[in-house]
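Only the coordinates and a few stated rules stand behind these numbers; no lab work does. None of the values given here were measured: they were computed from a predicted structure. All Cβ positions, glycine included, derive from the backbone under ideal geometry; neighbour counts span all protein chains shown.
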Amino acid sequence: MATTAQPLPGTGVADVGHPAPPTPEGAAIRNLRTIGMVWKREIIRFRRTPARIVSGLAQPILFLFVLGAGIKPLVGQNSAGGVDYQQFILPGVMAMSVLFSSLFSAISIVWDREFGFLREMLVASGLSARIDHSRVPVIDGVRDLLRAGMVAGGTQRNHAFVDPDVDWGGISGDEQLLLADAQTSGGLLLAVEPARAGALVAALGRHGTPAAAVVGHTVEGAPGRIGIR
């Protein structure tokens with residue numbers, strides 16, 4: 001949520017950036033832009049993880065040329081309707097490859113939570129963050145469950161993973177676990193220019209989002225470092 005101030009020509013005043021009113025757009029354009037952003041993100045992730053490239057190519061080759069060739073003599077021509085067995089399983093192998101690739105792309109947000117989505121964004125941007133823990137929306141009754149010792153194992157592992165990169169600011173252990181909660185279908189984190197944060201929160205409220213709040217901001221500092229206050 002950081003912006004870079006630019007001096008106005010001929011003055012000593014810095015323009016912190018006041019966005020122009022958004023232009024109206026149809027749902028189709030908005031959806032296409034969203035698809036484009038997700039596609040670009042997944043392509044970047046795909047290029048940075050060679051294991052996914054290797055597994056994506058190896059899986060159909062394994063099924064088609066190894067297992068297919070091995071089972072082909074056992075099946076015979078009659079069992080596949082007179083069609084070569086490898087040709088018979090080719091459409092299924094292709095469909096399975098597309099299905100698994102789509103599945104892994106769709107659950108990438110779960111992996112983001114495992115490694116800390118905020119931390120990943122900060123490392124990629126070369127910034128640090130300051131979070132006001134009192135502004136993070138919390139479901140009623142959650143703190144009571146924490147005090148009763150009901151903490152998921154995933155939350156404890158999350159806390160241990162991010163602990164070296166977080167300055168907890170003296171908050172209690174329960175509050176630390178709350179911020180490290182291993183949610184897979186809970187809140188999402190968005191980063192926008194500070195001048196547009198209020199409009200975003202208002203828009204989320206109009207669209208029925210149960211809770212939306214500005215919980216912090218980015219600052220110059222060690223990439224990936226998070227400070228809690």
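Determine the gain in length on full extension of the stretch residue 90-residue 71; use 0.36 nm per residue of separation and subtract their C-alpha separation, reporting nm with one decimal.
That pair, residue 90 and residue 71, stretches by 5.5 nm at full extension.
Provide the per-residue ³J(HN,Hα) series for the range 206-220, in order, calculated from phi with Karplus coefficients 6.51, -1.76, 1.60 and θ = phi - 60°, each as a whole number of Hz, with x at glycine and proline positions.
For the range 206-220, the Karplus curve yields 5, 8, x, 5, x, 8, 8, 7, 7, 9, x, 7, 8, 9, 5 Hz.
Need the full-extension length gain, residue 222 to residue 49, defined as separation in residues times 0.36 nm minus the C-alpha distance. One decimal, nm.
59.8 nm
Among 47, 119, which comes first, then next, by fewest other beta-carbon atoms within 10 Å?
Arranged by neighbour count, lowest to highest, 47, 119 become 47, 119.
Under a point-charge model restricted to the Cβ atoms of Lys and Arg (+1) and Asp and Glu (-1), what is the dipole moment magnitude of the range 114-228 relative to its Cα centre, in debye to the nearest 20?
Its charge dipole is roughly 240 debye.
Mind listing the long-range amide H neighbours of residue 219? Cut-off is under 5 Å, sequence gap 5 or more, other chains count too, H placed in the peptide plane at 1.01 Å from N.
Correct list: 128, 129, 130.
Ordered by residue, what ³J(HN,Hα) values in Hz, to whole numbers, does the range 119-126 give under the Karplus form 6.51 cos²θ - 1.76 cosθ + 1.60, where θ = phi - 60° and Gly and Pro are x?
4, 4, 5, 5, 4, 5, 9, x
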